[in-house]
Each structure stands twice: as C-alpha cells, then as structure tokens.
Amino acid sequence: MKTENILHLIAAGERRTVEYKRAWNELPGNLFETVCAFLNRDGGSIILGVEDNGSIERGVNPETMNQMCGNISNISNNPQRLFPPFLLNPEVSDVNGKKLIIVEVPSSSQVHRFGGKVYDRSNDGDYELRTDAEISALYQRKSTQYSENNIYPFLRLEDLRQETIEKARNLIRGVRPMHPWLELSTMDLFRQANLYRRDLTTGQEGFTLAALMLFGKTEIIQSALPYYKIDAVLKINDIDRYDDRLTLFGNIIDSYEELMKFIEKHLPDPFYLDGSQRISLREKIFREIIVNMLVHREYLNPIPTNLEISTMGVVAKNANRPLKAGPVTLANSSSHPKNPHVANFFVQMGWAEHLGTGIRNLYKYVPQYTGRDPLIDDEDVYKVEIGLPLALQQKIEQRNIQKNIQRDIQKKLESLSLRLTQEQMLVAAIIGSDSSVTRVEIGEQLGLSDASVNACIIALKKKGVLVRIGGKRYGEWGLVISPTTNENDKITKV
C-alpha cells in the first residue's frame, strides 16, 4: 500500500474498517480478535506500528518485522488458532522513515472463531458474540450473502482438472516459494483454502461452488450450472456481427488466461513509464477488469459474463449481487469481495491485488490508456466501461478518414464513364486514399489474391486512371483523379 493511502487511512481515524495498533517488537495480543471481527463483518485494514492517537512514533522494529509478518501468516493459516483458517499476507511499508505492517483483511463468506470465540465488529471496535442467537444471526447473514460456500456433496476430486490444480501450485510457488500451502496434499490444500468444508449448521460436507468454479472440468461445470458461459467479442470492423469471438465454458483459472490472450491479440500496449519504471498499461488495466469479471461474479445468476471491444470502447459485465447499488468512485469504493475465498485464491496466485487496490488502479491507469476515467456501476449487472486505447482511437479515426476519401473517389469514378469493374473501382479508391499502400495491403483490405490485385492495377494503368511515380521499391501510386475533381474536369495524370 502506498504511503499516501496509509496516511489517508490514519488521518481519517479508527472506524469499523480501520484499526491501528502499537507493535514495536511483537504482535499485539488482541490482533487476531480484530482479524476475526473483520472476517466476520465487512473486512478492513489493520496498521501495526501506529499509536492509539494516530501518531507514528517508532513504528515497527525493522529487526523483528519479518518475523512478525511470518507469525501473522502462520497464525491465520492455523486452524487451531483461527477457524476456519484464512491465510493473510501482511506487507511492510515505509512511512516517514518508519516501518509499518499493513494487514488487509477481507470480509469472509464463513463465520470465523479465534481461540474458540466468535468476534464481530462495530464502529466502537471488536466485541465477542456470546449468545446462540447472536451467532445464529451471523450464520444467517453469511448464508444469504455468499453463494460460493454452497456445498456440492457429490462433487469429487476427479471432477476437478488436475492440470489446473498443478498450474495454481506453480503460480503460488512463483509468488511465494515458501508458501504454507505448497507442502499440503491436494485435499488439505482445499481444506485450508476453504474450498472443501463442513457446514456446521447442517453437517453437510464437500467441495464448494468456489472449488468448482476455480478448478472444475468444463463438462462438470456445465452439468452443475448449464447456463454458465463467458463471451468475449471484438466489433471494430464488422459492427453488425463481430470480427472475432471467444466463448468459454470452463473454470475461471483457465478462462482468465484465455481472456488475457484475447486482450493481447486485439488491443495495443503503448510504452508507458510509471515514475522511472516501465509498466504494461494493458496488463495493469485488464488484469483488474478480467479478475473482477471472474472473481466477483454471482455464479448462481444465469446472466452470462461478457466482454465487448467495439468502436465505442471496452465494456465488461458480470452478474452481481450489489452491496451498495450505484456508481463506484474512488470515494465510495468498497474492499468487500463478492466471493472472498475465490478472491483470496487469486491473490495467492499473484493474479489479484490486495484489498481496495483494484479500483484505485483503474482510476490511476485508465486515463493514461484511454484519455478518460472509467465508468463503474455496481448494480445487478456489474459493469466496467472504459474508452478505447488512444492508439486504437487514432487508427480508427484515420481509417474512417480513408473510407470517406475512398467513398468520394468511388463516386467520382462511377460518374465518369470509365467502364471499370467493381474490383478495379475499389482498388482505385484505396490507392486514392493512401498513395503508399502496397499490393499486399490492398489484397488484405479487399480479400483479393495477389494475382487479382495485379490484374486490377494493370487494367487501371491501361485505362489511364493510375500511374506509378518513382521506382517499384520507393515510389508511390498516382491516381489521375482526386475526390475534389469536378464532374466536367478531364482526367489528367498527376
């Protein structure tokens, strides 16, 4: 988390989603009461190294901070301490020369206990739920809020793609070679990641919807959710139909990679420096958009996930269960994931950022890529809309100018009794809009073979419509008529 964001959180004071604690040499004794409360409520940020009054006097001891971070990860992943476990990845930040530890805690789809006790969160801080009625109410709220926890008792390990499971392990290993999940068996990994669970209210046990969507074989996903699909389309030239289309029915880990390839195929990636470091604007932006489409989708809703690239811009849509319906801005953005366990798995693989960074990244990088801010709506259908990349906008504008020139030339040629074929007229129109165009490029635009293009050019030369100025290698075509020629003008070579 960047320094300005940390200072902003501290300046706004402690509240339901922000807590800071003193922690010079060791973790505060009540740290995991707050972690548990955040998991059970709306998530939030814990900042270690800050005094009760919001000042940063010493921060965290640099000599012990790595050990403290390790303890946070170990305790959060230990079902004997935090149950069910929820692996946290603290990060160290340098603020005004002092070290702070930032612990981002998402809202969880399950009810968590620390030390056998259930904690909840209010504006006044953490508090223990002591009565059965209070705990039952929390279970009820969670069960109606998250569908990723739905258990499929007849879903088996062999129904999941082993190649995708191994891919996930390798991605996690690339991010954290000593990750505690890497030494686990497949079943233990699923239990630790809360993808295989036992419902304490019904006694039902099995793989969850989250496990199915992350790793399921295509035919198994289609059997469980027959309406599920992801559609990506390109409509730049053929706006009535499409130029390219990708339809996916498989798990979201494999789908993420296919969608990123689709983006790389069709959208440019201009040179960009973030400070002194070169970054990929395309990757920064579309990783956030595609992760949001896949991770935060309401999978029990039959509305398909859709990504469309058109002359109007790029629009991504996914079925949603809105928390606060309406436009999403930097001021009102929430770090509340719709599928926390799916989101956490993407974080562990390095495909998603920590809480709250996605919206910030979009508002930071999209204007650099498209020239305007993104539009984000958190409705029953969650929608992210951005403009086309500036480079592609310029290309389309130039193409439209050329099309207008070609149209004008074609009309002028038709008005003159030259007895040209349709193909010859189209070739002449293209040359009229771009005198340096090559035979290969003409063929690509019109879908003609080299032989057909050559035949048209020879015919145009014989009829006195076309001349060559300069040599074959460095010369240009000369069209003996321009779009501004009057109808009564004679054709003269340029």
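Computed values, structure above
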quantity	calculated
Wholly enclosed strands (runs of 3 or more DSSP E) of the range 1-116 bearing at least 3 residues farther than 21 Å from A343 by Cβ and under 32 Å from the mean Cα position of the chain (by Cα)	91-95, 98-105
In the range 211-257, residue surrounded by the fewest Cβ atoms within 10 Å (Cβ to Cβ) [restricted to those that are touching a residue at least 40 places away in the same chain (Cβ under 8 Å) and among the acidic types (D, E)]	D231
Residues of the range 306-322 satisfying the condition of being out of contact with any strand residue (DSSP E or B) (no Cβ under 6 Å at 6 or more places or on another chain), hydrophobic (A, V, I, L, M, F, W, C) and under 14 Å from V295 (Cα atoms)	A319
Lone qualifier among T186, T131, T164 - being over 23 Å from N78 (Cα atoms) and outside the structural domain of C69 (by TED's automatic domain parsing)	T164
Residue under evaluation L87, criteria (1) at pLDDT 95 or above; (2) under 30 Å from N301 (Cβ atoms), criterion not met	(1)
Among (1) in contact with a strand residue (DSSP E or B) (Cβ under 7 Å, 6 or more places away or on another chain); (2) modelled with pLDDT of 90 or more; (3) farther than 30 Å from R113 by Cα, the one test that T218 misses	(1)
Selection status of Y382, assigned by TED's automatic domain parsing to the domain that holds L300, surrounded by 15 or more Cβ atoms within 10 Å (Cβ to Cβ) and more than 30 Å from Q145 (Cα to Cα)	no
Those residues of the range 398-430 which are part of a helix (DSSP H, G or I), at pLDDT 80 or above and either in contact with a Gly (Cβ under 9 Å, 6 or more places away or on another chain) or among the polar types (S, T, N, Q) (or both), in sequence order	Q422, Q424
Of residues in the range 276-311 being farther than 19 Å from Y256 by Cβ and free of Cβ contacts under 8 Å to residues at least 12 places away in the same chain, the one surrounded by the fewest Cβ atoms within 10 Å (Cβ to Cβ)	S276
Unique match (being over 22 Å from M349 (Cβ atoms), modelled with pLDDT of 90 or more, among the charged types (D, E, K, R) and in the same structural domain as F207 (by TED's automatic domain parsing)) among R81, R169, R191, R156	R156
Residue list for the range 440-471, restricted to those being modelled with pLDDT of 65 or more, over 46 Å from the mean Cα position of the chain (by Cα), loosely packed, with under 11 Cβ neighbours inside 10 Å and not in a helix (DSSP H, G or I)	G470
Sole exception among (1) surrounded by 20 or more Cβ atoms within 10 Å (Cβ to Cβ); (2) modelled with pLDDT of 90 or more; (3) under 28 Å from the mean Cα position of the chain (by Cα) for Y119, by number	(3)
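The values are calculated or read from the model by the stated rules, or taken from the named source; none is laboratory data. In this text, all values refer to a predicted model and were calculated from it rather than measured experimentally. A quick note on method: Cβ atoms are made from the backbone with ideal geometry, for glycine too, and the neighbour counts reach across all protein chains shown.
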